Amino acid sequence: MMATAVKSLRKKSTNPAIAPGAIDFFKPRQKAAINKESRFNHFRWSRQTGKSTTAAFRRIVRGLRRKRNQILMSASAAQSRELMGKVKTHLKAMNLIFEATESDHPNPLDGMTYKVMEITLPESLGGIRFIGLSSNPDTARGYTGDVTLDEFAIHKDHREIWAAVFPIVTRNDGELDVWSTPKGKNNTFYTLESNKLFTHDVQTIYDAIADGHDLDAEALRQGIGDSDLWDQEYGCKYIDEAFAFLPYDLILPCEDEKLPRELDVEALSRCTNSFYVGVDVARTKNFTVIWAFESIGSMLISRGLIELQGKSFDDQRAVLWPILSMRNMHRCAIDATGLGMDMAEGAVKKFGDWAVEACTFTPKFKDTAAGRMRVRFDDRIIRIPPCEIIRNDLHSVLKTVTTAGNIRLFAPVEGGSHADRFWACALACHAASDPPPKIEGIFGDPLVNDGWGDF
């Protein structure tokens, strides 16, 4: 184990009795959640209602009262760092001494290294440790204490996490808090709704506003622009996954927190393997999305996205052309429907139809391209960055069956993105499927008509 950062903060007071006063910062529903005495708690709260802030403070109060270590597990290392940051913020406000460390822990089972963040209180406060972990079942084993699962609906190995975590709290009356905004019904967070061992606390955006949060529900509803996402993210409803072309339980296992969201073009130019590009074209309202994937064995690894909105086609070409010019750019599939026709035809003309395929979005093509992407998610041979916007965009496309028995794909979006990232990903997967052989250049003198007839 190697410590990568150590920070010690010393304040004036070490009296935990200050904690009850600090709770005055919170709204009534948040206070009620913080003061729950029950062992097993299921919190289904809307976005922007202070879930993580409340969860962090609750574990501080419970830890001080119970003199027990507190384990806080998030869906990714970045989210774990953010949650532990809230713990530190609360401790500073409470004028408590603590020491914070971040360490690399190798996992011999998969060969990966995971970040573990710890905050330790002095012996005068019981030496309590707050341990921040990312979503990996193997890292959870071996710890004892009370547990908080943060945004549990998006933990990609939710069943394995549950199997690893629940035994932690079975001794010495351990407490377990499970917090999340819903993400469909194919996950353990949803199944806990029917678990009578747990208390169940629901707070929608309207509950939060009634509780005193300064939020404009109508502005948020118009901003998100999707009735299903509104019901899920702010109304705390479990949206039926039966019609989603890519359910969350297929998307989450393919997320890799080490992958960047934004495409680094300079880094892509140094790529030693072939890479494939999908381009969904827009002009004003929606996004032009350029998504590049590196091919490593059977895997497609995302190297990032470029998202352009309101850019002229000249500006878009200025971004795309250098990517298509790279030596290891093996094939690009570009949307040639409607507005995309000029961009696609220009790319084919400049780089050749062996390098760029202009794709017209007929129902048959959409079914083929989306199907190729679905196979990759089914077989877990694609990796994407963990990002709420990308995740929801991939999930937004629905499937219906026509009266003729055909499957039709559509994105019922009322505003904002029109599944642009979904189709950029599908186009990249299409480009990577059975690509044509690479054409080598043939060099020589130009042909000359010698007057004896046509060539």
Estimated inter-spin distance, residue 314 and residue 349, nm [label 7 Å along Cα→Cβ]: 1.6 nm
FRET efficiency, residue 210 to residue 138 (Cβ-Cβ, R0 30 Å, nearest 0.05): 0.10
The extension gain from residue 379 to residue 81, computed as 0.36 nm times the residue separation minus the Cα-Cα distance, is 104.2 nm
0 to 90° range, to nearest 10: angle between helix 420-431 axis and the chain longest Cα axis: 50 degrees
Compare the peptides 386-394, 89-97 by average per-residue count of other Cβ atoms within 10 angstrom and give them in order, highest first. 386-394, 89-97
Less than 19 Å from a label point 7 Å out along the Cα-to-Cβ axis of residue 242: which backbone N atoms in region 163-183 qualify, by residue? 183
Plugging the Cβ-Cβ distance of residue 196 and residue 217 into 1/(1 + (r/R0)^6) at R0 = 30 Å yields, to the nearest 0.05, a FRET efficiency of 0.40
Over 31 Å (Cα to Cα) - which of 86/156; 36/237; 27/258 fall in this group: 27/258
Over all distinct Cα pairs, what is the inverse of the mean 1/r for the chain, reported as the Kirkwood hydrodynamic radius in Å? 24.5 Å
Pairwise label distance in nanometres, residue 48 with residue 398, each label 7 Å out on the Cα-Cβ vector: 2.4 nm
Enumerate the residues in region 290-316 having an amide nitrogen under 12 Å from the point lying 7 Å beyond the Cα of residue 259 toward its Cβ. 291-296, 299-305
Within the accessible area of the chain, what % is carbon and sulfur when the probe is 1.4 Å and the other protein chains stay in place? 51 percent
Would you mind calculating the gained length between residue 267 and residue 35 on full extension (0.36 nm times residue separation, minus the Cα-Cα distance), in nm to one decimal? 78.6 nm
I'd like the antiparallel share, as a percent to the nearest 5, of DSSP beta bridges with both residues in the chain. 55 percent
Solvent-accessible area per residue for region 277-402 (1.4 angstrom probe, square angstrom): 43 Å²
The local net charge around residue 358, scoring Lys/Arg +1 and Asp/Glu -1 for residues other than residue 358 whose Cβ lies under 9 Å from its Cβ, equals -4
Treat each spin label as a single point 7 Å out from the Cα along the C-beta direction, and report the residue 105 to residue 367 distance in nm. 4.9 nm
Going by average Cβ neighbours within 10 Å, how do the peptides 231-241, 40-50 rank, with the highest at the top? 40-50, 231-241
For region 197-265, just list the percent of Cα-Cα distances falling in each 5 Å bin from zero outward, please. 3, 12, 15, 16, 15, 18, 14, 5, 1, 0, 0
Between helix 313-324 and the chain, what is the angle of the helix's C-alpha long axis to the longest principal axis, kept within 0 to 90° and rounded to the nearest 10? 90 degrees
Figure the gain on full extension for residue 227 and residue 23 (residue separation times 0.36 nm, minus the Cα-Cα span) and round it to one decimal in nm. 70.0 nm
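The values are calculated or read from the model by the stated rules, or taken from the named source; none is laboratory data. This one's a predicted model, so the numbers in the text were calculated from it and none came from an experiment. Cβ coordinates were reconstructed from backbone atoms using ideal geometry, including for glycine residues, and neighbour counts include every protein chain displayed. Note: areas computed on protein heavy atoms with side chains; ligands, DNA, RNA excluded. Shrake-Rupley method; radii C 1.70, N 1.55, O 1.52, S 1.80 Å.
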